[in-house]
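I have placed the structure first, in the form of structure tokens, so that the comments after it can refer back to it.
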Amino acid sequence: MKNFEFYLPTKVFFGKKVLRQFPKEVSGIGKKALWVFGRGSIIRNGVYDQVKEVLKKANIEYIEFGGVKANPLLSKVLEGIKVAKEEKVDFILATGGGSVIDTAKAIACGVFAEEKIWDFYERKDSPTQALPIIAVPTIAGTGSELNNISVIVNDETKVKLSMNSPWIFPKLTFLDPTFTFTVPPDYTAYGAFDAFSHVFEVFISREYKKDCLTEDLMVALMKNLMKWSKAAMYDPTNYEARANLMWASSLALCGLPKAGMGKYRFFIHALEHTLSGVYDLPHGLGLAVITYAWIKVYRKNKLLHKFFEKVFNIKIEDKISIEMGIEVFENWLRDLRLLYTLKDLKIPEKDLEYLIDKAYHILTIWQVADEYSKEEVSKVFYTAYFGEVKS
């Protein structure tokens, strides 16, 4: 394997009723929190009351900051920074999905560098400090609760970008699978595919291509995400399904599945960020559409063949076996009700060139545009739109 560094400072509490440990663990972090959450789901499913109870037991003063939406907005981040500074909070508590945690991360470092916050996402600058972050996820998907990544959409430009910084690892994460019991089937599927894509993109683009421990870990994660996503969709209160899905999603982007793999690229994510940034499409749904198109376009990719062999147990020997691999993948998308084209999703065909330009802009910001041509980006988008590779 290649040389690597691995750093994961987050302390994780996993299982039923782990919030009971919150008062003890938070005692040394601070006495006043900005409590960031979404648009009401935690109130409907009872998580709001549970978190409120442990905050009271811990004698933590808190300022509620709700209303964070999927594909979180820069304007909401700036609003949160203003509140956090005015209220002089000690830490940020995020309760919700990846968008909530990503927003909390942006606020946490924005308190110290409000004027530079978007520069962090455009890779023009990096945070030098941040408030402590505590995460209480209520959906399995992004893995933001166990990594140093935050993704935000600029409302004005419709550009969706990511920030990476060791300062934004959550200090504590409380993973209670029962908090995900009320996640609807469609959002269960979106989250599962998001987690799957985090591993898949490393698997098919990595520099180190040989068999190894990390490859085995990636295979195990992808197999488990495929298995338990279906179980959780059709039996929402199946604790084992929710638990395995939640832990696999957290591990998928924590750094372990890329350790020793050398360089890798999130090409599919760059293309999808244009969809969810412009149309507010669910991120996992957009990833499913783009990934399926990528597989069709790059069906000759050797690491894709290895994926078919390791994950689907299909020995790739000829065109027929490749088509079998594609069909098995398609069947999983069908099981998750994610088998769509951009045309099915009512994306205007006239917007394709605009999307191609925006995706290439993201690749440029990530400093990998020289590795891809616009023709490659175009081919994947047009395949995602029409459902077949255009010659």
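Condition check ((1) of a type in the set (K, R); (2) within 20 Å of A84 (Cα to Cα); (3) modelled with pLDDT of 95 or more; (4) open to solvent by less than 50 Å² (accessible area, probe 1.4 Å)) across all residues:
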{"position": "K32", "(1), (2), (3), (4)": "yes, yes, yes, yes"}
{"position": "W35", "(1), (2), (3), (4)": "no, yes, yes, yes"}
{"position": "S41", "(1), (2), (3), (4)": "no, no, no, no"}
{"position": "V54", "(1), (2), (3), (4)": "no, no, yes, yes"}
{"position": "I60", "(1), (2), (3), (4)": "no, yes, yes, yes"}
{"position": "I63", "(1), (2), (3), (4)": "no, yes, yes, yes"}
{"position": "G67", "(1), (2), (3), (4)": "no, yes, yes, yes"}
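Could you check how many residues of segment 43-52 are in contact (Cβ under 8 Å) with a residue 12 or more places away in the chain and open to solvent by 10 Å² or more (accessible area, probe 1.4 Å)?
So the first thing to find is which residues in segment 43-52 are in contact (Cβ under 8 Å) with a residue 12 or more places away in the chain, and the list is 44-45, 47-48, 50-51.
From the residues that got through so far, the ones that are open to solvent by 10 Å² or more (accessible area, probe 1.4 Å) too are 44-45, 48, 50.
Here the count works out to 4.
Can you find a residue in segment 179-194 that is outside any helix (DSSP H, G or I), aromatic (F, W, Y), buried (at least 17 other Cβ atoms within 10 Å of the Cβ) and touching a strand residue (DSSP E or B) at 6+ places or on another chain (Cβ under 9 Å)?
no
Is at least one residue of segment 280-300 surrounded by fewer than 24 Cβ atoms within 10 Å (Cβ to Cβ) and polar (S, T, N, Q)?
Scanning segment 280-300, I find no residue that is surrounded by fewer than 24 Cβ atoms within 10 Å (Cβ to Cβ) and polar (S, T, N, Q), so the answer is no.
Which one of these does R337 not meet: (1) free of Cβ contacts under 8 Å to residues at least 40 places away in the same chain; (2) at positive phi?
Of everything listed in (1) free of Cβ contacts under 8 Å to residues at least 40 places away in the same chain; (2) at positive phi, R337 misses just condition (1).
Among the residues of segment 229-250, which ones are crowded, with 21+ Cβ neighbours inside 10 Å and touching a residue at least 24 places away in the same chain (Cβ under 8 Å)? Walk me through it before giving the result.
Looking only at segment 229-250, we keep the residues that are crowded, with 21+ Cβ neighbours inside 10 Å, and these are 229, 232-233, 241-243, 245-246, 248-250.
Within segment 229-250, S229, A232, M233, R242, A243, L245, M246, A248, S249, S250 qualify.
I'm told K52 meets every condition in (1) in a helix (DSSP H, G or I); (2) within 23 Å of I168 (Cβ to Cβ) except one. Can you identify the failing condition by its number?
So K52 meets the others, but not (2).
Given (1) within 15 Å of the chain's Cα centre (by Cα); (2) modelled with pLDDT under 95, where does Y234 come up short, assuming only one miss?
Tallying (1) within 15 Å of the chain's Cα centre (by Cα); (2) modelled with pLDDT under 95, Y234 fails exactly one: (1).
Within segment 25-45, can you find the residues that are over 18 Å from V68 (Cα atoms) and in a loop (DSSP other than H, G, I, E, B)?
The answer is S27, G28, I29, G30, K31.
Tell me, which strands (runs of 3 or more DSSP E) wholly within segment 77-164 include 1 or more residues that are of a type in the set (S, T, N, Q), open to solvent by less than 10 Å² (accessible area, probe 1.4 Å) and over 26 Å from H361 (Cβ atoms)?
Details: elements: 91-96, 133-137, 149-154, 159-164.
Of the strands (runs of 3 or more DSSP E) lying wholly inside segment 77-164, those with at least 1 residues that are of a type in the set (S, T, N, Q), open to solvent by less than 10 Å² (accessible area, probe 1.4 Å) and over 26 Å from H361 (Cβ atoms) span 91-96.
Quick check, is A94 of a type in the set (A, V, I, L, M) and within 17 Å of A33 (Cβ to Cβ)?
Values: of a type in the set (A, V, I, L, M): yes; within 17 Å of A33 (Cβ to Cβ): yes.
Spelling it out, A94 is indeed of a type in the set (A, V, I, L, M) and within 17 Å of A33 (Cβ to Cβ).
The values are calculated or read from the model by the stated rules, or taken from the named source; none is laboratory data. Everything numeric here is computed off the predicted structure, so don't read it as measured data. Cβ: placed from backbone, ideal geometry, glycine included. Neighbour counts: every protein chain shown. Heads up: the accessible areas ignore ligands, DNA and RNA and are worked out on the full protein's heavy atoms, side chains in. Shrake-Rupley method; radii C 1.70, N 1.55, O 1.52, S 1.80 Å.
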